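The values are calculated or read from the model by the stated rules, or taken from the named source; none is laboratory data. Quick caveat, the model's predicted, so the values are computed rather than measured. Virtual Cβ from ideal backbone geometry, glycine too; neighbours counted across all protein chains shown.
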């Protein structure tokens, strides 16, 4: 059977001129998302991708069924106490979305164990399946219950463009009170009495820039603009304090922040600035009874903890409470009546530090202690803990091989009780898998942490297929997490490696700073070094290594392929930011101005232009043999337009020397989805199975390997 012919994108003349350089871009026209030729081209690409992979249909079905067989479809979350109710969620076999429910609670009640049967008095708060209806996409941007537990506010996106329509209704009766707010941003908060709801609106660049106050049931024309943020670098988000006494408006760019606060029982009052913004100073605020707790980087790049009076209006009122130690990065703080819990990073991993409240101590707290984790490579964080009076906390722990586990940790004694471990069916045994942390020396001498995950018995013998993933941007850390879907790779002998490269936040603020702006090239060099290490140490065969990354990680994929295409057999770039320079040169596009603090401003700075010009994937494709490439995107993605992977794939096809039958270059676009891909758990499993079937075939790893032999 002849190999299908790939679509050929139309070429239209366009020249970009900046800093004395003229660059021809024949695919510039794809920026017009309303151009019917673009939609037709995307449809043709989807048809081509399906025809080039039709032989993978059985493998896709197998991968999907393996995921489904391991998931307990009728499941529930751990009930959480909040006021007179227990709140939890259920999933049901055959249903795409969770059902959020609650059951009555009295003081002294033992947490219910509603395995299977409904709890007496249980009522539905929101059924995602009902709200989704027949829509192919469904996402919640807000799910908030009023402080008196009478009202529910929820915001729905059925397109994938991250603009939401808000509904307010009575929980118990289901009576709808308000559907007048449409096209709003993420999140919303009720006033203390539930009479008002605060919400954000986004500008043409999809930036939340306005906070509004809306009286429930009234005409939106009567809404009051609380704050408009005119600095295009700043985003905003509204939240409520744990004790429900305060509303907080967080304003932040990549390097600077400001917090405003309002008593929630005075919704029409004036919001107060806790400390005016200062360039380069980031801070976060947590109300704690009679004071404010502040995590800030005024004196230390990796942040310290301070306290301030409730009525603070200046950073001059911040009193030092706890300084970060060597190798630590303070991330956030949560206040409870008997203790303060600090979230931090240390040694490249997450940690929780408990500071017992002690009013007799000058510092206001007793001796700090860390919540211990058994797994040497792990992620730990707070679960859902809505009440300040809690004496025990829900804590979530997981690793690459340990399913997500919810613990209850006593704040006074540190005693731990396992409340729930993510059930994994199909004969799963965590001892069948192994994980480890290795260190790789980059070209400039930096030591890069790498997580290596594999099935037990798979050793560094130089024959294994491997998949390397990385992100490396925005100080976002690629922390360990358990994935049922990933088991399908491991069971086929694939060694999965995660490179914790610079640009992420794994090793503190310096790690982030060393992978952004003019230092961005470190991110890509680190990834190449890790790929070389995997082959040189025998973890992966030299001709069986894949590369995967999404969004800014898709930029990484494209840049690394240009640097070292010979290192990889296959690459998957998801919603990839591969036309980075052209995008960042256009301040009128969504997100661009705020991104200048991450990438630099190539419009006004020739050095930034030159740096981005040197690595932006679309403009640096070489006439060489590349790995097989799968680019995936979504038509309604507002963060990375489908334009970018479409242009990149067109440039790859016309430039690289691949045999398209052996190493195809494919573009697959979800036509009813956003930046996160398809919604609904079954739809998401189908998408994962489609993508990984392509990767596995290219790696020669479609068949499951034999089960490990017990010691």
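Here's a check for you: in segment 57-79, which residue that is part of a strand (DSSP E or B) and buried (at least 19 other Cβ atoms within 10 Å of the Cβ) is modelled with the highest pLDDT?
So in segment 57-79, the residues part of a strand (DSSP E or B) come out as 71, 75-76.
When the remaining residues are screened for being buried (at least 19 other Cβ atoms within 10 Å of the Cβ), the result is 71, 76.
Details: 71: 97, 76: 93.
Across segment 57-79, the extreme among qualifying residues is 71.
Which residue, of 662, 691, is closer than 27 Å to residue 129 by Cα and surrounded by fewer than 21 Cβ atoms within 10 Å (Cβ to Cβ)?
Working: 662 fails: closer than 27 Å to residue 129 by Cα.
Of the residues listed, the single one that is closer than 27 Å to residue 129 by Cα and surrounded by fewer than 21 Cβ atoms within 10 Å (Cβ to Cβ) is 691.
Considering only segment 119-132, I want to know if a residue exists there that is more than 23 Å from residue 423 (Cα to Cα), surrounded by fewer than 15 Cβ atoms within 10 Å (Cβ to Cβ) and free of Cβ contacts under 8 Å to residues at least 12 places away in the same chain.
yes
With the checklist (1) under 28 Å from residue 244 (Cα atoms); (2) in contact with a helix residue (DSSP H, G or I) (Cβ under 9 Å, 6 or more places away or on another chain); (3) at pLDDT below 95 in hand, flag the one item residue 92 doesn't pass.
For residue 92, the exception is condition (1).
Name the single residue that is surrounded by the fewest Cβ atoms within 10 Å (Cβ to Cβ) among those in segment 329-356 being over 24 Å from residue 400 (Cα atoms) and out of contact with any strand residue (DSSP E or B) (no Cβ under 6 Å at 6 or more places or on another chain).
So, considering only residues that are over 24 Å from residue 400 (Cα atoms) and out of contact with any strand residue (DSSP E or B) (no Cβ under 6 Å at 6 or more places or on another chain), the one surrounded by the fewest Cβ atoms within 10 Å (Cβ to Cβ) is 337.
Name the single residue, out of those in segment 670-686 being surrounded by fewer than 19 Cβ atoms within 10 Å (Cβ to Cβ) and in contact with a strand residue (DSSP E or B) (Cβ under 7 Å, 6 or more places away or on another chain), that is nearest to residue 631 (Cα to Cα).
Here the answer is 675.
Keeping to segment 495-525, report how many residues are at positive phi and assigned to a helix (DSSP H, G or I). Explain how you work it out, then say what you get.
Filtering segment 495-525 for residues at positive phi gives 503, 508, 517.
Among the residues that remain, those that are also assigned to a helix (DSSP H, G or I) are: 517.
Total meeting the criteria: 1.
So, in segment 259-316, of the ones that are exposed (fewer than 15 other Cβ atoms within 10 Å of the Cβ) and not in a loop (DSSP other than H, G, I, E, B), which residue ends up nearest to the chain's Cα centre (by Cα)?
Restricting to residues being exposed (fewer than 15 other Cβ atoms within 10 Å of the Cβ) and not in a loop (DSSP other than H, G, I, E, B), the top hit is 272.
Residue-wise test of (1) assigned by TED's automatic domain parsing to the domain that holds residue 504; (2) surrounded by fewer than 22 Cβ atoms within 10 Å (Cβ to Cβ); (3) assigned to a loop (DSSP other than H, G, I, E, B).
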site	(1), (2), (3)
414	no, yes, yes
417	no, yes, no
431	yes, yes, no
435	yes, yes, no
453	yes, no, no
462	yes, yes, yes
473	yes, no, yes
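Just name the residue that is surrounded by the fewest Cβ atoms within 10 Å (Cβ to Cβ) out of those in segment 360-371 that are touching a strand residue (DSSP E or B) at 6+ places or on another chain (Cβ under 9 Å) and more than 19 Å from residue 299 (Cα to Cα). Explain how you work it out, then say what you get.
Narrowing segment 360-371 to residues touching a strand residue (DSSP E or B) at 6+ places or on another chain (Cβ under 9 Å): 363-371.
Applying the additional criterion that residues be more than 19 Å from residue 299 (Cα to Cα) yields 364-371.
Values: 364: 17, 365: 19, 366: 14, 367: 9, 368: 14, 369: 13, 370: 14, 371: 18.
The residue in question is 367.
Give the number of residues within segment 134-162 that are assigned to a loop (DSSP other than H, G, I, E, B) and over 20 Å from the mean Cα position of the chain (by Cα). Please lay out each step first, then the result.
First pass over segment 134-162, keeping only residues assigned to a loop (DSSP other than H, G, I, E, B): 134-138, 146-150, 158-162.
Narrowing the set further to residues that are over 20 Å from the mean Cα position of the chain (by Cα) leaves 134-136, 146-150.
Final tally of qualifying residues: 8.
Can you go through 540, 528 and tell me which one is in contact with a helix residue (DSSP H, G or I) (Cβ under 6 Å, 6 or more places away or on another chain) and either modelled with pLDDT under 95 or part of a loop (DSSP other than H, G, I, E, B) (or both)?
Working: 528 fails: either modelled with pLDDT under 95 or part of a loop (DSSP other than H, G, I, E, B) (or both).
Step by step, each of 540, 528 is checked, and only 540 is in contact with a helix residue (DSSP H, G or I) (Cβ under 6 Å, 6 or more places away or on another chain) and either modelled with pLDDT under 95 or part of a loop (DSSP other than H, G, I, E, B) (or both).
For residue 221, state whether it is assigned to a helix (DSSP H, G or I), on the phi < 0 side of the Ramachandran plot and not assigned by TED's automatic domain parsing to the domain that holds residue 511. I'd like the intermediate steps shown before the answer.
Numbers: assigned to a helix (DSSP H, G or I): yes; on the phi < 0 side of the Ramachandran plot: yes; not assigned by TED's automatic domain parsing to the domain that holds residue 511: yes.
When the stated conditions are applied, residue 221 passes them.
Looking at segment 149-171, can you tell me whether even one residue there is out of contact with any helix residue (DSSP H, G or I) (no Cβ under 7 Å at 6 or more places or on another chain), surrounded by fewer than 16 Cβ atoms within 10 Å (Cβ to Cβ), more than 23 Å from residue 252 (Cβ to Cβ) and without any contact (Cβ under 8 Å) to a residue 12 or more places away in the chain?
Start the filter on segment 149-171 by keeping residues that are out of contact with any helix residue (DSSP H, G or I) (no Cβ under 7 Å at 6 or more places or on another chain), which leaves 149-155, 157-171.
Right, trim to surrounded by fewer than 16 Cβ atoms within 10 Å (Cβ to Cβ) and you get 150, 170.
Imposing the further condition that a residue be more than 23 Å from residue 252 (Cβ to Cβ) reduces the set to 150, 170.
Of the ones still in play, those that are also without any contact (Cβ under 8 Å) to a residue 12 or more places away in the chain are none.
Checking segment 149-171: not a single residue is out of contact with any helix residue (DSSP H, G or I) (no Cβ under 7 Å at 6 or more places or on another chain), surrounded by fewer than 16 Cβ atoms within 10 Å (Cβ to Cβ), more than 23 Å from residue 252 (Cβ to Cβ) and without any contact (Cβ under 8 Å) to a residue 12 or more places away in the chain.
Consider residue 492 carefully, then state whether it is modelled with pLDDT of 95 or more and part of a loop (DSSP other than H, G, I, E, B).
Working: modelled with pLDDT of 95 or more: yes; part of a loop (DSSP other than H, G, I, E, B): yes.
Taking the combined requirement at face value, the residue satisfies it.
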